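S.K.: Got a structure for you, written out below as structure tokens; questions coming shortly.
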Amino acid sequence: NLNSSDPLPTVTPFSASNADSYNKKGSVTVFDSQGNAHDMSVYFVKTGDNNWQVYTQDSSDPTGTAEPAMKLVFNANGVLTSNPTENITTGAINGADPA
């Protein structure tokens, strides 16, 4: 859960290698065009009251960097008001198309 009372990160700009530049980190497994699993790191950065920036990084891609994926905006009651439709993509590894 994203906590509305979390403070803004103490370090800017965001860096996946610096835990002080984001509030939360999670992971999700996605699959590329060849059925290979990719572990995606998902970072949540509070940018203001009820506003969060989400970054993703394909942990299985050694040349990958964390990229901005979507913005989340909530109302005062904690209801998501933005329509985060951005795609999260993986790197092209072992000849697979990016997922």
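The values are calculated or read from the model by the stated rules, or taken from the named source; none is laboratory data. What you are looking at is a predicted structure, and each value in this text was computed from that prediction instead of being measured. Methodologically, a virtual Cβ is constructed for each residue, glycine included, from the backbone with ideal geometry; neighbour enumeration extends over all protein chains shown.
S.K.: Among (1) in contact with a Leu (Cβ under 6 Å, 6 or more places away or on another chain); (2) surrounded by fewer than 17 Cβ atoms within 10 Å (Cβ to Cβ), which single condition is Trp52 missing?
M.R.: It fails just one condition, (2).
S.K.: Say we look at segment 2-24 and pick out the residues that are in contact with a strand residue (DSSP E or B) (Cβ under 9 Å, 6 or more places away or on another chain) and within 18 Å of Asp58 (Cβ to Cβ); which of these is surrounded by the most Cβ atoms within 10 Å (Cβ to Cβ)?
M.R.: Here the answer is Tyr22.
S.K.: Ok, one more. If you check Ser33 against the conditions, is it touching a residue at least 12 places away in the same chain (Cβ under 8 Å), of a type in the set (Gly, Ala, Ser) and over 29 Å from Gly78 (Cβ atoms)?
M.R.: Taking the combined requirement at face value, the residue satisfies it.
S.K.: Take the residues in segment 25-45 that are modelled with pLDDT of 95 or more, closer than 21 Å to Thr85 by Cβ and of a type outside the set (A, V, I, L, M, F, W, C); name whichever of them is surrounded by the fewest Cβ atoms within 10 Å (Cβ to Cβ).
M.R.: Looking at the filtered set, the residue picked out is Gly26.
S.K.: Another question about this same structure. Could you give every pair whose Cβ atoms fall below 9 Å, whose first residue belongs to segment 49-68 and is in contact (Cβ under 8 Å) with a residue 24 or more places away in the chain and closer than 25 Å to Ser4 by Cβ, and whose second residue is crowded, with 17+ Cβ neighbours inside 10 Å and among the charged types (D, E, K, R), counting only separations of at least 6 or pairs across chains?
M.R.: Pairs found: Trp52/Lys46; Gln53/Lys46.
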